[in-house]
Amino acid sequence: QEQLVESGGGSVQSGGSLRLSCVATVDNYDRWTVAWFRRAPGKAREGIASIDPDVTTMTTRAVKGRFVASRDNAKSTLYLQMNKLQPEDTAMYFCAADLRSYSGNWRALADESYRYWGQGTQVTVSS
């Protein structure tokens, strides 16, 4: 029954912005850790940002200062505001969720920490 659906991807020029959304169909959304990952061609899946139930956030160095994740528990939605996009940000972006907390733990950005995944939304950044 658990389902995650991403939206908001697209094609932009370098320096542009996009806002991704992930709507979750789960019970007690506020008890779930939710996260963004991305997979670029020829590269491993990379954790981007996460938000635990206690609203602790983790952001990978590659996007810190440019991307900001947030959540709206009333709407069961995770967001990723992406600013100053660069060609190296081109990837398929996925949201993920699991019913536990990874507060202060590196496992919040590890893909094996998450059981439920969306199908992804493509982000393409041109020079």
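Points worth noting:
- Only protein atoms count toward the accessible area here, which uses a 1.4 Å probe; on region 8-127, the carbon and sulfur part of that area reaches 45 percent.
- Taking 15 Å as the cut-off, the amide N atoms of region 55-82 that come nearer than this to a point 7 Å along the Cα-to-beta-carbon line of residue 43 belong to 60-64, 66-67.
- Residues of type lysines that residue 84 reaches as a straight line, Cα spacing below 19 Å, ignoring anything fewer than 8 places off in the same chain: 64
- Within region 63-82: backbone nitrogen closer than 11 Å to the residue 13 label point (7 Å, Cα to C-beta): none
- Given charges at Cβ of Lys, Arg, Asp, Glu: region 71-127 dipole, positive-most of 126, 78, 110: 78
- Region 47-101: proportion of alpha-carbon pairs further apart than 13 angstrom, %: 63 percent
- Hydrodynamic analysis of the chain uses the Kirkwood radius over alpha carbon pairs. Inserted into Stokes-Einstein at 4 °C and 1.567 mPa s, it gives a translational diffusion coefficient of 91 µm²/s.
- A 1.4 Å probe run over the chain, with the rest of the protein chains in place, finds 53 Å² accessible per residue.
- A straight line joining the Cα centroids of region 61-88 and region 1-51 runs 8 Å.
- For the peptides 111-122, 69-80, residues were scored by their other Cβ atoms within 10 Å and the scores averaged per peptide; the highest-first order is 69-80, 111-122.
- With the simple model of a label 7 Å out from the Cα in the direction of the Cβ, residue 106 to residue 2 spans 2.4 nm.
The values are calculated or read from the model by the stated rules, or taken from the named source; none is laboratory data. Not measured: the values here are computed from a predicted model. All Cβ positions, glycine included, derive from the backbone under ideal geometry; neighbour counts span all protein chains shown. Note: accessible area is taken over every heavy atom of the protein model, side chains too, but ligands, DNA and RNA are not part of it. Shrake-Rupley method; radii C 1.70, N 1.55, O 1.52, S 1.80 Å.
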